[in-house]
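Asker: Got a structure for you, written out below as structure tokens; questions coming shortly.
The values are calculated or read from the model by the stated rules, or taken from the named source; none is laboratory data. What you see is a predicted model, and the numbers here were worked out from it, not measured in a lab. Here the Cβ is made from the backbone with ideal geometry for all residues, glycine too, and neighbour counts use every protein chain on show. Please note that ligands, DNA and RNA were not included when accessible areas were found on the heavy atoms of the full protein model with its side chains. Shrake-Rupley method; radii C 1.70, N 1.55, O 1.52, S 1.80 Å.
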Amino acid sequence: MSKECLTVAMPKGRIFEEAVELLREAGYPLPPEFEDSRKLIIEVPEAKMRFILAKPMDVPTYVEHGAADVGVAGKDVMIEEKRDVYEVLDLKISACYMAVAALPTYNRGCEVAPKIASKYPNLASEYFREQGEQVEIIKLNGSIELAPIIGLADRIVDIVSTGQTLKENGLVEVETMMPITSRFIVNPVSYRTKSNDIDDMVDRLADVIDAKERSL
């Protein structure tokens, strides 16, 4: 593939599927079986693009270090990772929100030293600091809902989409923190060396997003 191709870092899962659909609507010829591939690197010569499929938290790292020219990352990841990349477009996909949750018996103010479990320790710390509340953050990599149930933490900070996972694990939302959507991010050096291709991609995606919003 030509060295002039754009390398795009994408997270696996729901964001990937929605971003691929957005790219197709923007006129990029991605093959029908694209989403079914198990490869970690997918070449699409007809679109002059190469895709790197990574864990959501790793996407900004690939873009920051130039392994990818551009990428798609959730706003939650952007706040947590604080990588040196340009955030150029809100893609308005994979909408959800960040929330604080606890057991129904939770009584705020009763904890001597409140413990908060989260996959997002930096984001959680910043949030509670802004609220003027001193807490202890416990970083977990998964199954955050377990923490209050087994007494590891008083509250959790996590992404909420439908609220079903909280409900199934006997937790309730106690604070809504911020809305989350996926963002189009760019490596600063690539923005200079491949500005025409990147600007074209941003414009085409923006047109699709605008058209969707006008149709609502």
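Asker: Out of A9, A67, A19, which single residue is outside any helix (DSSP H, G or I), in contact (Cβ under 8 Å) with a residue 60 or more places away in the chain and under 17 Å from the mean Cα position of the chain (by Cα)?
Answerer: One residue alone meets the criteria, A9.
Asker: Another question, then. How many residues does the stretch 38-64 contain that are within 19 Å of R14 (Cα to Cα) and either touching a Gly at 6+ places or on another chain (Cβ under 9 Å) or open to solvent by less than 10 Å² (accessible area, probe 1.4 Å) (or both)?
Answerer: 6
Asker: I137 is checked against (1) over 23 Å from P11 (Cβ atoms); (2) open to solvent by less than 30 Å² (accessible area, probe 1.4 Å); (3) of a type in the set (V, I, T) and fails just one. What number does that condition carry?
Answerer: Answer for I137: the failing condition is (2).
Asker: Please enumerate the residues belonging to the stretch 74-97 that are within 19 Å of D200 (Cα to Cα) and either charged (D, E, K, R) or open to solvent by less than 60 Å² (accessible area, probe 1.4 Å) (or both).
Answerer: V85, E87, V88, L89, D90, L91, K92
Asker: Condition first: touching a strand residue (DSSP E or B) at 6+ places or on another chain (Cβ under 6 Å), more than 18 Å from A19 (Cβ to Cβ) and either among the aliphatic types (A, V, I, L, M) or not in a helix (DSSP H, G or I) (or both). Can you find one or more residues in the stretch 105-113 that meet it?
Answerer: Looking through the stretch 105-113, at least one residue is touching a strand residue (DSSP E or B) at 6+ places or on another chain (Cβ under 6 Å), more than 18 Å from A19 (Cβ to Cβ) and either among the aliphatic types (A, V, I, L, M) or not in a helix (DSSP H, G or I) (or both).
Asker: Can you spot a residue in the stretch 182-190 that is under 23 Å from the mean Cα position of the chain (by Cα), among the small types (G, A, S) and open to solvent by less than 60 Å² (accessible area, probe 1.4 Å)?
Answerer: Yes.
To keep it simple, each residue is scored yes or no on (1) modelled with pLDDT of 95 or more; (2) out of contact with any Gly (no Cβ under 6 Å at 6 or more places or on another chain); (3) not hydroxyl-bearing (S, T, Y).
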position: S161; (1), (2), (3): no, yes, no
position: M177; (1), (2), (3): yes, yes, yes
position: M201; (1), (2), (3): yes, yes, yes
position: D207; (1), (2), (3): yes, yes, yes
position: L216; (1), (2), (3): no, yes, yes
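Asker: Still on this model: Of all residues in the stretch 83-114, which are among the β-branched types (V, I, T) and in contact (Cβ under 8 Å) with a residue 12 or more places away in the chain?
Answerer: Answer for the stretch 83-114, where residues must be among the β-branched types (V, I, T) and in contact (Cβ under 8 Å) with a residue 12 or more places away in the chain: V85, V88, I93, V100.
Asker: Another question, then. Restricting the stretch 205-215 to residues that are touching a residue at least 40 places away in the same chain (Cβ under 8 Å) and open to solvent by less than 70 Å² (accessible area, probe 1.4 Å), which is nearest to K92 (Cα to Cα)?
Answerer: I209
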